[in-house]
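Shown next, in structure tokens, is the structure this report addresses.
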Amino acid sequence: MGVTKTQVFSEQQNRIAELAKALAHPARIAIIQHLLKEKSCVCGDLVEILPLAQATVSQHLKELKQIGLLKGEIDPPRVCYCINEEVWAEAKFIFGALFEAEVSINKCC
């Protein structure tokens with residue numbers, strides 16, 4: 001596998017790519033949607049609503065938490081997850097700015 005040259009891109013470009021990669025799986029989108037609706041939950045709650053094994057759900061939660069989109073309170077043996085409001089606001093701002101950029105209607109090719 002080739003080496004990525006992330007250092008040649010801006011910090012903002014790398015952050016957009018990190019967030020996009022974390023959101024680039026339908027299970028993670030389902031997790032985010034569930035947490036937006038329910039405010040918080042434990043992994044077992046997600047296992048009941050998603051057609052995935054507990055280990056798979058845990059891996060998706062780990063990816064979302066690693067990028068900062070989720071935060072969790074550990075109360076062994078359970079971890080209660082919720083949206084990290086600060087990172088959620090950052091993602092909304094970053095993606096909003098990207099998609100609000102004007103596209104030229106002129107001939108493109």
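The values are calculated or read from the model by the stated rules, or taken from the named source; none is laboratory data. Not measured: the values here are computed from a predicted model. Quick reminder, even Gly has a Cβ in these numbers, built from the backbone with ideal geometry, and neighbours come from all protein chains shown.
Descriptive notes on the structure:
- All of Leu70, Leu23, Leu46, Leu98 fail the test of being buried (at least 17 other Cβ atoms within 10 Å of the Cβ), in contact with a helix residue (DSSP H, G or I) (Cβ under 7 Å, 6 or more places away or on another chain), of a type outside the set (D, E, K, R) and closer than 22 Å to Thr6 by Cβ, apart from Leu23.
- Leu61 in a helix (DSSP H, G or I) and either aromatic (Phe, Trp, Tyr) or surrounded by 14 or more Cβ atoms within 10 Å (Cβ to Cβ) (or both): yes
- Cβ separations smaller than 9 Å between residues 6+ apart or across chains give the following pairs from the range 54-68 residues that are small (Gly, Ala, Ser) to residues that are exposed (fewer than 13 other Cβ atoms within 10 Å of the Cβ): Gly68/Glu86.
- Qualifying residue in the range 62-80 (condition: within 15 Å of the chain's Cα centre (by Cα) and modelled with pLDDT under 90): yes
- Restricted to helices (runs of 4 or more DSSP H) entirely inside the range 1-56, those with at least 1 residues that are more than 22 Å from Phe95 (Cα to Cα) and out of contact with any Leu (no Cβ under 7 Å at 6 or more places or on another chain) are 26-38, 43-49.
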